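Values quoted throughout were computed directly from the atomic coordinates according to the rules given, and no laboratory measurement underlies them. It should be emphasised that the depicted structure is a prediction, and the values quoted were computed from it without experimental measurement. Note that each Cβ is placed from the backbone with ideal geometry, even for glycine, and that neighbours are counted across all protein chains shown.
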Amino acid sequence: MNADPKAPAKRLFIKTYGCQMNVYDSERMKDVLKPLGYAPADSPEGADLVVLNTCHIREKATEKVFSELGQLKRMKQETGGRMTIAVAGCVAQAEGAEIMRRQPAVDLVLGPQSYHKLPEMIARVSRQLGDRLETDFDVEDKFDALPKQREADGPAAFVSVQEGCDKFCTFCVVPYTRGAEFSRTVDDIVLETRGLAAQGVKEITLLGQNVNAFHGAAPDGNGEWGLGQLVRHISKIGGIDRIRYTTSHPRDMDDDLIAAHGELDNMMPFLHLPVQSGSDRILKAMNRGHTADHYRDIMRKVRDARPDIALASDFIVGFPGETDQDFEDTMALVRDIDYAIAYSFKYSRRPGTPASDMFAQVDEDVKNERLQRLQALLREQQERFNRSQIGRTLPILVTAKGRMSGQVHGRSPYMQSVHFEGSEDLIGQVADVKIVDASVNSLAGQLISRKEAAA
């Protein structure tokens, strides 16, 4: 199905909330809608189709969606009803029927495994027939139906290799909104990655809710491969200079994947491995399936394999039943690991999760005080790590113009934001940059040389 090349492009605006998986899903929505004549727009004003790709993880996620829908309803009325509004993602999966009931301006609701059906659903709406709600879990059908070739958007790209979660942490909605764990075949992943490399993509981030639980069908159907085997295979694709993966679970961090960090030069020296708490008692209540010392042991093995690696994590403070000692155990683990960056949040109840009904919910004032202490320690570690880069020359993937005139912006191997003076023709290239200054959130550098792509 091809759009009429003479017809004016329809304008598509997608607002993406939450995780990198949602960013990937939004990119694939653009791919499936392009043959219908939809071109990306920078704002919802005047758009023919607006998609809210939602996330259910953070507090008040549903309320934020309804607030946004209220504004879109007014825009739709101003267009005489010509704007089509779709709600996608995890809030759609969990609250789809309620969205349709509370906000009649919404035309389509589709879960994260259904966005490949967008063209069909849009056609149904245009004919005013058929279901407007599509939230079935059919992840294998989704990947089979997506276009095999993607349009790259810059020198870095996400590639989804695994979806869903079977871990059932007691605080998390992902198993209920994304479904059971499913891995794509190695052949499909390689085909997508090669297509991106041919368009100049240099950095690939392999995505999954539990990406290191990947067990995809091996080439020629000869058994299954784990993530360690997959990254070794991806590393051989010409043009792919940098490989990352996210998000991981400690239970799936096997020795083969750890070894790959030490073997592959194009495996970036950065690992994001969420732990959530340093207290064994709280980890058990969260159903994490590991202890704090097991996590410490994993991090020791990773550093042994790749001594220059930067480590990152996630933390939840104020989980039900968390005592002062439990929190101090978390602070002790943070000091032991010494993170380059970490993300920390107050526990918030997610309806339908076991933790939402637990006794001993922690007072908000206590949560706030603990979060401030934890974030102060994490900021101290992050700033110290960033400042340790001063004087080093790092390979920076240049991704965009900088905020200041004459500057460009890029990303270090350690996921740090780096800005330096340079011409715009550096965008898409890897440049050697000497780091001359650092703050908590970014590095400043001086261009040493650019690494020209091989002819």
Q: May I ask for the Kirkwood hydrodynamic radius of region 281-388, worked out over all distinct Cα pairs and given in angstroms to one decimal?
A: 14.9 Å
Q. Taking a temperature of 10 °C and a viscosity of 1.306 mPa s, what whole-number D in µm²/s does Stokes-Einstein yield for region 37-114 with Rh from Kirkwood over alpha carbon pairs?
A. 125 µm²/s
Q. In nm, to one decimal, how far is the modelled label at R303 from the one at Q77, with both set 7 Å along Cα→Cβ?
A. 5.9 nm
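Which whole-number percent is the relative contact order of the chain (Cα, under 8 Å, 6+ apart)?
9 percent
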(Q) Take the chain, mark every one of the trypsin sites (Lys or Arg not before Pro) that falls in a DSSP loop and has at most 13 other Cβ within 10 Å, then report the longest stretch left between them, sites excluded. (A) 237-391
Q. Which of the GluC sites (Glu not before Pro) across region 387-455 are loop residues per DSSP, with 14 or fewer other Cβ within 10 Å?
A. E452
Q. Rounded to the nearest 20 Debye, what is the dipole magnitude of the chain about its Cα centre when Lys and Arg each give +1 and Asp and Glu each give -1 at the C-beta?
A. 1120 debye
(Q) At 0.36 nm per residue, and after removing the present C-alpha to C-alpha distance, how many nm does the segment from K401 to R102 gain when stretched out fully? (A) 103.5 nm
Q: Measure off 7 Å from each Cα along the Cα-to-Cβ vector at D42 and D280, then give the distance between these two points in nanometres to one decimal.
A: 5.6 nm
Q: Specify the longest stretch of the chain that does not include any exposed loop site, a site being one of the chymotrypsin sites (Phe, Trp or Tyr not before Pro) with a non-H, G, I, E, B DSSP assignment and at most 15 other Cβ atoms within 10 Å.
A: 169-358
Q.
For a quick size check, give me the Cα extents of region 393-451 along its three principal axes, largest first, whole Å.
A. 28, 22, 17
(Q) Output needed: Cys residues of the chain lacking any neighbouring Cys C-beta below 4.7 Å, sorted by number. (A) C19, C55, C90, C165
Q: Quick one: compute the contact order of region 281-388, relative version, from alpha carbon pairs under 8 angstrom and 6+ residues apart, as a percent.
A: 30 percent
(Q) For a quick check: with amide H placed at 1.01 Å from N, whose amide H comes under 5 Å from M415's, ignoring anything fewer than 5 positions away on the same chain? (A) none
Q: Report the paramagnetic label zone for Q149: residues of region 179-209 whose backbone N is under 11 Å from a point 7 Å from Cα along the Cα-to-Cβ axis.
A: 195-196, 199
**Q.** GluC sites (Glu not before Pro) restricted to DSSP loop in region 56-124 with at most 13 other C-beta within 10 Å
**A.** E59
Q: Please list, in chain and number order, the residues 5+ apart from Y343 or on another chain whose amide H is under 5 Å from its amide H, with Hs placed from the backbone.
A: S313, D314, F315
Q: Only helical DSSP H runs with n ≥ 4 go in: add -39500 (n - 2.57) per run for the chain, normalise by residue count and round the 222 nm mean residue ellipticity to 500 deg cm²/dmol.
A: -10500 deg cm²/dmol
Q) Say R0 is 51 Å: what FRET efficiency, to the nearest 0.05, do R392 and A360 get from their beta-carbon distance? A) 0.60
Q) Under 5 Å between amide H atoms, partner at least 5 residues away or on a different chain: which partners does G402 have, H built in plane at 1.01 Å? A) Q407, V408, H409
(Q) Output needed: percent of Cα pairs per 20 Å distance bin for the chain, bins running from 0 to the one holding the longest distance. (A) 23, 56, 21, 0
